[in-house]
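This report refers to the structure that appears directly beneath it.
The values are calculated or read from the model by the stated rules, or taken from the named source; none is laboratory data. None of these values were measured; they are calculated from a predicted model. Here Cβ is always computed from backbone atoms with ideal geometry, including for glycine, and neighbour counts include all displayed protein chains.
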Amino acid sequence: MDMWEHPRPPAGTITIEREGPDRRVLCLRGDVDTAVATHFTTTQRRERVVVDAIDAGGVTFMSSSALALLVKTVEASTAAGRHPVLRATSHPVDRALRMSGIEYLFTRPEPGPPPPST
């Protein structure tokens, strides 16, 4: 059997999840490589992706194409009057944002109150 006959499924996913009637969350999981980012962009056609939050806590690898997708999503969301929050990240995402010098583009959630002392 030729390995090109049955390409392996993507190791990562990008989806838009709904939280309540008005909130949309861009969720990224696994290895978000160029193929995964391109597939997501293609399925969205020419529609701009507008979200209220980004959850990248389950990402194990992030390509430059996926970083570009995040930047475009934040730009589109801001232009639509939303204030997207990068509410969860993994070490690979934090590292990619820091190394690319675009960490400042992403609003993080405000830290919650400290837990009560016992």
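Of note:
- Residue in the stretch 13-22 that is crowded, with 18+ Cβ neighbours inside 10 Å and not small (Gly, Ala, Ser) present: yes
- For the stretch 44-67, residues that are more than 16 Å from residue 15 (Cα to Cα) and either in a helix (DSSP H, G or I) or within 9 Å of the chain's Cα centre (by Cα) (or both) total 1.
- When the residues of the stretch 68-84 are filtered to those that are within 11 Å of the chain's Cα centre (by Cα) and of a type in the set (A, V, I, L, M), the one that is nearest to residue 24 (Cα to Cα) is 74.
- Where residue 18 falls short, out of the listed (1) farther than 16 Å from residue 82 by Cα; (2) in a strand (DSSP E or B); (3) not aromatic (Phe, Trp, Tyr): (1)
- Considered as a group, the residues in the stretch 90-118 that are modelled with pLDDT under 95 and polar (S, T, N, Q) include one that is surrounded by the most Cβ atoms within 10 Å (Cβ to Cβ), and that residue is 107.
- Residue satisfying all of: in the stretch 38-52; among the aliphatic types (A, V, I, L, M) and either at pLDDT 95 or above or over 24 Å from residue 108 (Cα atoms) (or both); surrounded by the most Cβ atoms within 10 Å (Cβ to Cβ) among these: 51
- Residue pairs whose Cβ atoms lie under 7 Å apart, separated by 6 or more positions or on different chains, with the first residue in the stretch 71-90 and closer than 22 Å to residue 111 by Cβ and outside any helix (DSSP H, G or I) and the second modelled with pLDDT of 95 or more and acidic (Asp, Glu), are 82/52; 84/52; 87/55; 88/55.
- Looking across the stretch 53-89, the residues that are within 20 Å of residue 35 (Cα to Cα) and either hydroxyl-bearing (Ser, Thr, Tyr) or crowded, with 21+ Cβ neighbours inside 10 Å (or both) come down to 54, 56, 59, 60, 62, 63, 64, 65, 66, 69, 70, 73.
- Within the stretch 50-70, the set of residues being over 15 Å from residue 85 (Cβ atoms) and out of contact with any Pro (no Cβ under 8 Å at 6 or more places or on another chain) comprises 58, 63, 64, 65, 66, 67, 68, 69.
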